[in-house]
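Okay, so here's the structure we're looking at.
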Amino acid sequence: MNKVMYLEFERCIGCRACQAACRECGGHDAKERNYVEYVNFFENRQTYPMMCMQCKDPACAKVCPANAIQITEEGVVLSAMEDKCIGCRNCTFGCPFGIPKFDFEENKMYKCDMCYDRTKHDISPMCASVCPSDAIRFIDHDEMMDLRRRRTQMNLIEGKKPSENDKWEYVPEFFGVYSD
Amino acid sequence: MTQFVVKPGVKNLHHEGEKLITTHCCYCGMQCGMHIRVNEKSGKVVGVEPRYDWPVTMGKMCPKGVTAYQTVDHEERIKKPLIKKNGEFVESSWEEALDLIEKNYKRIQSEHGKDALSVFGGVSMTNEKCYLVGKYARVALGTRYVDYNGRFCMSSAAGGFMKTLGIDRGSTLPWPELEHTDCFFMAGSNTAECHPTTIQWLWKARDKGAKMIVADPRETPTARIADVHLDLKSGTDSALANGMMHLLVKEGYVDEKYVDERCNNYEQLKESVKIFTPEYTSELTGVSVEKLVKAARIFGQSPRSVVMFARGVEQQMKGVDNVSLYTSMALLRGQIGKFASGVATFTGQGNGQGGREHGQKADALPGYRKIDNPEHVKYVSSVWGIEPEEMPKAGVSAYEMFDKIQRGNIRAMHVICSNPAVSAPNNNYIWDSFNKLDFMVVSDFFLSETCEFADVVLPTTTWAEDEGTTTNLEGRVIRIRKVREPVGESKTDWEIMQLIAERMGKGKYFPYKNVPEIYEEFRLASKGGKADYYGITYDRIEKEDGVFWPCPSEDHPGTPTMFQDSFGTEDGRANLAAVGWQQPGEVTSAEYPITLTTGRVVFHYLSGTQTRRTPFLMEQCPEPFAEMHPEMASRYALKDGDYVYLETRRGNMEVKAKITKAIRKDHIFVPYHWGKELSVNKLTSPALDPTSRMPEFKVAAVKIKKA
Ligand code: SF4
Ligand code: SF4
Ligand code: SF4
């Protein structure tokens, strides 16, 4: 996999297309694995998406007593294997981002797998494909580094607060998520 | 004809046992490109795959687009004709349903004359079908009364563009150019929720430093990201635009050379904007002087700007004036007809652009021709094979058809692809009118609120079960492909019109065996008109990623950028608008102290007939709400989630309060996608624009209390 997930929280418009799209992924059983939350709806409409960070040494896998959470050679952290998962839900507590979800009816854990059926062919995950605001992107590592530098430049030229809405106060502007 | 269209080097995920068919979303005017996943064995629609190489939307979709396919093989589809017997719908055969329609149509026309029948159309259909609705009404039924739901959507934009520019094409520039724009002035458009896939272009431009000014009473997700948010009162757009132009003139931002060479009325405009000082504008609009000045400077100094607007400015009693004034802002800056600049309206319905051009409107004929022009009538009659004398006269606008029902002039109505029981203003009046009809037919694929009033419901296909073309918000004509065979006994709208025409003895005027045959006739009917599609073929659309009208011949490249050399008016010059200030049709009073405004949410489309049946969308937004500022909530002792009672002079409702600081303190917002007791259109105002006959959905005076 040559690409990385790149998030720009500030761009999120709260449309939840990423969640609708997550349900569409093969093997996702029409259940979304990502989250979109309001920062504070009383104050304004800023939302942000949250999905698996595909951590290098993932807490969810480490706390799994059954060794059910596999990591692919590309570093993608998969949902727990059904036959191994014992339903203890350690992973849902262990993950610092609260990503793994638990299906009580089926008694199994499910989580964002970066649309492994797509990304293993270098096809963009569903959420990044559809996000109409480019809040979630699936791009080359170089492009990401370039974007980060360019954004900093723009902030220097334009000042930190280009708008009268205090949007910058609510969320970090961006960060990249590495997959390898 | 290729089913799966993809450019070299673009990767899509192909699932085993499935094929991909390339088409566009059925919902809004963005017409996002998509591939539909079809199971090869069962022929059923199973999912969606992004169309990464569609140049307007690049694979992106909003949640409606992602889930659109779910309406096709939906369990609530109407699969057989329904006839109401003793107040209950009973399934019937097509024969029986058509017999009943024929009997009643003929009886009513012989008793009350030809014009006792009427047709209420819609523009969430292909060009081929929209074109046929006008012909069906006028030739098959011989009635003058035909109009369509675009009156609640695009008619003010159309009226304003006709007045100022002489041609009504929704956007004067192609969307991918937006990336190179320096400033967006957006009024009354919650683009982030209503046309979400546009946002990617705004960010691309903003990454290069472009500025964004948004005028909206709410701090919508669109306004939130603006550089200046002009938080105006609903219904004060004409004051705001005049105030902006006052500053453009005063501060020397007018492109005098352009105005001199290409525009009329500059002196009158200067005269009429004189009184709109920032102070006076601020008093009328409620926007601070500081913001007005800041916005005018940013807009005035930007080398390339686009003025964009939508229903917020159009669904007003002064909708046409608002559009003319905002368009004049772009003209003063010399922007129209140039690269990455111009003026655009966001078309609400999928084919709101194409559907309004080809004769579904009470006074219009194909190719944007006018029914009161004898030459136009002569030409279209020759294409249709009728005598010009047989062409009915102009009818009345959508809302006014209900007045005609009340007065007994219209006795029967055929509603096609529309749900006015939810989407028309002043619902109680609409419902009462439906009840007064002698006979009512509705074509739809779900049992909408309007269907419930019908005597006969005819099951139609969804967009995925038929082919054709639509025209997106840019004016680009694109291809909708057939994805699967019709579900159950449903038929396409064109087949239904054809069958009824046969019953009315007019079958020979509707001899089509397939959609391309309708398209051929339609191209010819539009030939030589303002909206000329003659040079556009299905083949070209496929090869050229769509073709922009006007395109008069097959060797013409189409017209992505409008008005490069001259405008569509008689003298080729644009008409600047000189219009003063006028109050909205209803203003707040001691009894009704709050302004009620309505609109969409990202999860629903129009009257919600489809999106309310889509699980994901209903989970996100199951019911309407009254959005208000905490200051207002506190005054009425309301907490978030409390039920609040709203009442206007026309109707009332109870909804949950949703509290946020992202709205003016004196406004309440309620989305309109629900029917019956949840329909905010019971409360909205039918004050009509004098030109476009657009009702003033956006401004009503309301009183509230804790329920
Ligand atoms: S699709 Fe993009 S803009 Fe929409 S909610 Fe998800 S991250 Fe936000
Ligand atoms: S990467 Fe795939 S699995 Fe993860 S949130 Fe996005 S769509 Fe869902
Ligand atoms: S509703 Fe509009 S923006 Fe959303 S996917 Fe469909 S065409 Fe695109």
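Each DSSP beta bridge with both residues in segment B:160-345 is either parallel or antiparallel, and the antiparallel ones are about 5%.
Within segment A:5-78, the chymotrypsin sites (Phe, Trp or Tyr not before Pro) that combine a DSSP coil assignment with at most 14 other C-beta atoms in a 10 angstrom radius are A:Phe42. Modelled this way, with points 7 Å down the Cα-to-C-beta line, the labels at B:Glu283 and B:Lys85 are 6.9 nm from one another. Taking a ≥ b ≥ c as the square roots of the eigenvalues of the Cα gyration tensor, an a/c ratio below 1.5 marks segment B:149-250 as rounded.
Pop a pseudo-label 7 angstrom from the Cα along the beta-carbon direction at both B:Lys208 and B:Glu76 and give the gap in nm to one decimal. Roughly 4.5 nm, to one decimal.
Model label sites at B:Thr2 and B:Arg107, defined 7 Å from Cα along the beta-carbon direction, differ in position by 5.5 nm.
Packing, as the average of other Cβ atoms within 10 Å across residues, places the peptides B:167-178, B:404-415 in the order B:167-178, B:404-415, highest first.
Summed over both chains, the area buried between B and A is near 4000 Å², taken from the accessible surface of protein heavy atoms with a 1.4 Å probe.
Going through segment B:557-610, which GluC sites (Glu not before Pro) have at most 12 other Cβ atoms within 10 Å and a DSSP loop state? In loop regions of segment B:557-610 (DSSP not H, G, I, E or B), the sparsely surrounded GluC sites (Glu not before Pro) are B:Glu570, B:Glu591. In this structure, the residue pairs whose Cα-Cα separation is over 27 Å, taken from A:Lys101/B:Lys79; B:Lys85/B:Lys393; A:Lys101/B:Lys64, are A:Lys101/B:Lys79; B:Lys85/B:Lys393. Within the accessible surface of the protein assembly as shown, defined with a 1.4 Å probe on protein heavy atoms only, the carbon and sulfur portion equals 49 percent.
Using alpha carbon centroids, what distance separates segment B:312-369 and segment A:73-146, in Å? If we compute the Cα centre of each part, the gap is 44 Å.
For chain B, the extents of the C-alpha atoms along the principal axes are 68, 63, 59 Å, listed from largest to smallest.
Note on exposure: B:Thr67, B:Thr559 ranked by accessible area (1.4 Å probe, complete protein assembly) read B:Thr559, B:Thr67, with the most exposed listed first. Accessible area per residue was computed with a 1.4 Å probe on protein heavy atoms; B:Lys338 scores about 90 Å². Projecting the Cα positions of B:Leu646, B:Pro388, B:Pro366 onto the charge dipole of chain B (unit charges on Cβ atoms of Lys, Arg, Asp and Glu, taken about the Cα centre) puts B:Leu646 furthest along the positive direction. Heavy atoms of the protein chains alone define the surface here; on that basis chain B has 31 Å² accessible area per residue at 1.4 Å probe size. Taking 0.36 nm per residue of separation and subtracting the current Cα-Cα distance, fully stretching the chain between A:Asp117 and A:Gln153 would add 9.3 nm.
With just the Cα atoms defining each centre, how far is segment B:257-282 from segment B:19-86? Give it in Å. Taking the Cα centre of segment B:19-86 as reference, the centre of segment B:257-282 is 47 Å away.
Could you tell me which of rounded, prolate or oblate describes segment B:319-430, using a ≥ b ≥ c as the square roots of the eigenvalues of the alpha-carbon gyration tensor, with rounded for a/c under 1.5 and, failing that, prolate when a/b is larger than b/c and oblate otherwise? Because a/c hits 1.5 or more and a/b fails to exceed b/c, segment B:319-430 counts as oblate. Peptide B:194-204 has a mean shielding of 4, counted as Cβ atoms of other protein chains within 10 Å of each residue's Cβ.
Peptide B:57-69 has a mean of 6 when you count, residue by residue, the C-beta atoms of other protein chains within 10 Å of its C-beta. Once the Cα-Cα distance is subtracted from the 0.36 nm per residue extended length, the B:Gln582 to B:His180 segment shows a gain of 141.1 nm.
Of the beta bridges in the protein assembly as shown, as assigned by DSSP with both residues counted there, near 55 percent are antiparallel. The spacing between segment B:415-472 and segment B:115-192, judged by their C-alpha centroids, is 18 Å. Would segment A:54-111 count as rounded, prolate or oblate if I go by the C-alpha gyration tensor, calling it rounded below 1.5 in a/c and otherwise prolate when a/b exceeds b/c, oblate otherwise? Cα axes put segment A:54-111 in the prolate bin. Given a cut-off of 25 Å, name the pairs among B:Lys482/B:Lys676; B:Lys436/B:Lys656; B:Lys404/B:Lys513; B:Lys44/B:Lys543; B:Lys84/B:Lys436 whose C-alpha atoms lie farther apart than that in the structure shown. Beyond 25 Å between Cα atoms: B:Lys482/B:Lys676; B:Lys436/B:Lys656; B:Lys404/B:Lys513; B:Lys44/B:Lys543. Mean partner shielding of peptide A:126-139, defined as the number of other chain Cβ atoms within 10 Å of each residue Cβ, is 6. Estimated from the Cβ-Cβ distance and a Förster radius of 22 angstrom, the FRET efficiency linking A:Tyr38 and B:Met618 is about 0.70. Roughly what % antiparallel, to the nearest 5, for the DSSP beta bridges in chain B? Around 50 percent of the beta bridges assigned by DSSP in chain B are antiparallel ones. When the GluC sites (Glu not before Pro) in segment B:1-110 are filtered for DSSP coil states and for at most 15 other beta-carbon atoms within 10 Å of their beta-carbon, the remaining sites are B:Glu16, B:Glu40, B:Glu75, B:Glu76. Between B:Asn428 and B:Glu520, what FRET efficiency comes out of the Förster formula 1/(1 + (r/R0)^6) with R0 = 30 Å and r the beta carbon distance, rounded to 0.05? My answer for the efficiency is 0.10.
The values are calculated or read from the model by the stated rules, or taken from the named source; none is laboratory data. Note that the structure is predicted; figures quoted are calculated from it, not measured. Virtual Cβ from ideal backbone geometry, glycine too; neighbours counted across all protein chains shown. Ligands, DNA and RNA are excluded from the accessible area calculation, which covers all protein heavy atoms including side chains. Shrake-Rupley method; radii C 1.70, N 1.55, O 1.52, S 1.80 Å.
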